[in-house]
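Participant: The structure under discussion is supplied below as structure tokens; questions concerning it will follow.
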Amino acid sequence: MAQQTEVLIVGGGIWGLSTAYHLAKFGQNGVLVLERNEKIAAETTPQAAGLVGQIRSSVTMLQAIRYALELFSQFPKETGHDTGLRQTGSLMVALTPERMEAYTRQIERANLTGIEANFVSHAEMARLAPAMDMTKIEGGYFVPNDGYVDPQQCALAYAAAAKDLGVQIRLNTPVTGFRHRNGKILGIETKKGFIASNHVVITAGPWSAALAKEVGTTTAVQPIRHQRVCTVSTSGIPNHHPVVRVTDVSCYLRPEKDGYLYGYFEPAPVSIDLETMPTDFRTGDVEPPIEVMAEAQKRLTPVFPILKDLEIDEYKRGMTTFAPDGAYMIGPVPEIDRLYLATGCAALGIAGSAAVGRWLANWVINGEPDEDLTMFSLQRFGTQTIDQEWLRRESEQFYANYYGIRTE
């Protein structure tokens with residue numbers, strides 16, 4: 001077993017696998033991904049909804065989603081591996097006049113940045129999503145170039161393409177510590193021994209903060225429960241059915257295996273303190289979201305009456321990580337050269353995976369990303385980071401108001 005490599009990636013979820021792919025694509029040799037589970041992309045990645053929407057509050061994230069849509073669509077041709085992109089658009093539904101006013105502002109900003117987005121008639125909304133009760137809807141707009149992917153399929157496509165380019169993936173290899181000296185990373189400790197590396201990238205999702213603590217870095221992210229369900233199959237869902245976001249009730253819905261996948265942002269978020277959990281705690285240990293998703297069904301049923309009679313086929317036990325401002329936490333770990341950290345997916349982990357992988361790959365190879373990522377700095381909260389109560393409160397508030405109407 002090789003005990004030395006050039007780049008070590010800790011975590012075989014979608015961010016780690018995208019980073020590995022981009023490193024290899026850019027010509028980096030000696031890339032090794034370590035995953036503690038028996039399979040890659042087995043924790044939070046397959047629990048995600050996989051929505052890829054361009055309506056974002058910053059130019060940086062808009063460009064990130066555009067890159068994702070471009071990469072996902074071209075991936076099968078360029079690599080021979082399919083990310084599972086369905087580019088059927090996003091339908092933003094309003095139940096109130098206040099939301100329609102907010103949508104007007106969103107459309108104006110979107111059009112200014114080159115995003116095609118326009119109000120659509122009730123008849124067009126009924127064509128796009130026939131199961132909706134149009135009498136409950138004030139209005140809505142459509143973003144035709146948006147889409148969604150199967151999160152696990154997308155992650156496995158990254159992995160397959162990375163392995164084709166020489167990346168190695170080692171399973172059943174938990175990281176137990178980091179070795180560094182004189183402000184420089186030397187490698188990592190695992191239950192199977194020490195592995196030396198010139199660069200280390202931590203992409204372990206909700207567990208990234210705990211790993212960063214091993215080198216004395218406090219990371220401002222809070223793991224929060226984020227659940228969704230898949231229904232049994234039903235008839236009448238057209239192939240062109242878009243992602244539907246009913247933002248007034250903090251819900252979203254899309255087709256999934258001839259049924260529907262839906263979820264929502266809980267108004268009273270439930271944080272998960274991983275430091276108090278057993279070392280073998282996994283995403284599958286999160287309590288099944290039966291009551292939570294009953295509330296989501298109640299919220300969505302006035303708009304999608306069909307959900308009232310559709311049985312649940314699968315409960316997805318999601319867990320996301322939020323920083324107080326809802327932005328990613330990405331960059332070099334302070335005071336330790338060639339150690340990088342990426343976490344705080346903020347329920348935008350799948351859509352952002354392409355750009356995150358590219359940014360981290362450029363950091364490793366060139367010493368800097370390909371654009372200004374100050375907004376994602378690990379140090380942007382200063383000493384507030386050590387106030388765990390502040391961190392939890394602010395992160396939960398951002399999560400709870402994810403679909404809130406913003407006046408700026």
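Participant: Amide H neighbours of ILE202 under 5 Å, counting only residues 5+ apart in sequence or on other chains, H built in-plane at 1.01 Å?
Facilitator: When sequence neighbours closer than 5 places are left aside, the close amide H contacts are VAL10, TYR340, LEU341, ALA342.
Participant: Got a sec to turn the phi values of the range 349-363 into Karplus ³J(HN,Hα) couplings, 6.51 cos²θ - 1.76 cosθ + 1.60 with θ = phi - 60°, whole Hz, x for Gly and Pro?
Facilitator: My calculation for the range 349-363 gives x, 6, 4, x, 4, 5, 5, 4, x, 5, 4, 5, 4, 5, 4 Hz in order.
Participant: Continuing with the same structure: Check HIS180: other-chain or 5+ apart residues with amide H under 5 Å from its amide H, H built from backbone geometry?
Facilitator: Close amide H contacts, sequence-distant or interchain: LEU186.
Participant: With the alpha-carbon atoms as the only input, what is the per residue convex hull volume for the range 113-253 in Å³?
Facilitator: It is 225 Å³ per residue.
Participant: Taking a probe of 1.4 Å, how large is the accessible area per residue of the chain, in Å²?
Facilitator: 42 Å²
Participant: On to the next question. For the range 19-84, state which trypsin sites (Lys or Arg not before Pro) are in a DSSP loop and have at most 16 other beta carbons lying within 10 Å of their beta carbon.
Facilitator: LYS39
Participant: Pairs LYS163/LYS184; LYS39/LYS316; LYS163/LYS213; LYS163/LYS316; LYS191/LYS213: which are spaced more than 21 Å apart, C-alpha to C-alpha?
Facilitator: Too far apart for the 21 Å limit: LYS163/LYS184; LYS163/LYS213; LYS163/LYS316.
Participant: Right, another one. What is the range 51-157 by shape, rounded, prolate or oblate, if you read a ≥ b ≥ c off the alpha carbon gyration tensor as root eigenvalues and call it rounded for a/c under 1.5, prolate for a/b larger than b/c, and oblate otherwise?
Facilitator: oblate
Participant: Using only the Cα atoms of the range 128-168, what do you get for the radius of gyration and for Dmax, in Å?
Facilitator: 18.7, 55
Participant: A further question follows. Could you estimate the translational diffusion coefficient of the chain from the Stokes-Einstein equation, with Rh from the Kirkwood formula over C-alpha pairs, at 10 °C and 1.306 mPa s, in whole µm²/s?
Facilitator: It diffuses with D of about 73 µm²/s by this estimate.
Participant: Restricting to bridges with both residues inside the chain, how much of the DSSP beta-bridge set is antiparallel, in percent to the nearest 5?
Facilitator: Of all bridge pairs located within the chain, approximately 70 percent are antiparallel.
Participant: Then there's this: What are the equivalent ellipsoid semi-axes of the range 189-257, built from the alpha-carbon gyration tensor (square roots of five times its eigenvalues), in whole angstrom, biggest first?
Facilitator: So the equivalent ellipsoid measures 41, 17, 11 Å along its semi-axes.
Participant: Can you give the Rg to Rh ratio for the range 228-291, taking only C-alpha atoms and Rh from Kirkwood?
Facilitator: Radius of gyration over Kirkwood radius for the range 228-291 works out to 1.09.
Participant: Further question: How large is the helix-only mean residue ellipticity at 222 nm for the chain, computed as the sum of -39500 (n - 2.57) over DSSP H runs with n ≥ 4, divided by its residue count, in deg cm²/dmol to the nearest 500?
Facilitator: -9000 deg cm²/dmol
Participant: Hey, can you grab everything whose amide H is under 5 Å from the amide H of GLY139? Only 5+ residues off in sequence or another chain; H modelled, so Pro and N-termini drop out.
Facilitator: Here the answer is ALA94, since their amide H atoms fall under 5 Å of that of GLY139.
Participant: Can you work out ³J(HN,Hα) from phi for every residue in the range 304-319, in order, using Karplus 6.51 cos²θ - 1.76 cosθ + 1.60 and θ = phi - 60°, giving whole Hz and x for Gly and Pro?
Facilitator: 3J(HN,Hα) across the range 304-319, in whole Hz: 10, x, 4, 5, 4, 9, 8, 6, 7, 8, 8, 9, 9, 8, x, 8.
Participant: When the Debye formula is applied to the Cα atoms of the range 291-408, each taken as the same point scatterer, what base-10 log of I(q)/I(0) results at q = 0.11, 0.13, 0.14, 0.18 Å⁻¹?
Facilitator: Values returned for q = 0.11, 0.13, 0.14, 0.18 Å⁻¹ are -0.53, -0.70, -0.77, -1.04.
The values are calculated or read from the model by the stated rules, or taken from the named source; none is laboratory data. Here the structure is a predicted model, which is why all the values come from computation and not from measurement. When we count neighbours, we look across all protein chains shown, and the Cβ atoms used for this are built from the backbone with ideal geometry, even at glycine. Side chains are part of the model used for accessible areas, which takes the heavy atoms of the whole protein and leaves out ligands, DNA and RNA. Shrake-Rupley method; radii C 1.70, N 1.55, O 1.52, S 1.80 Å.
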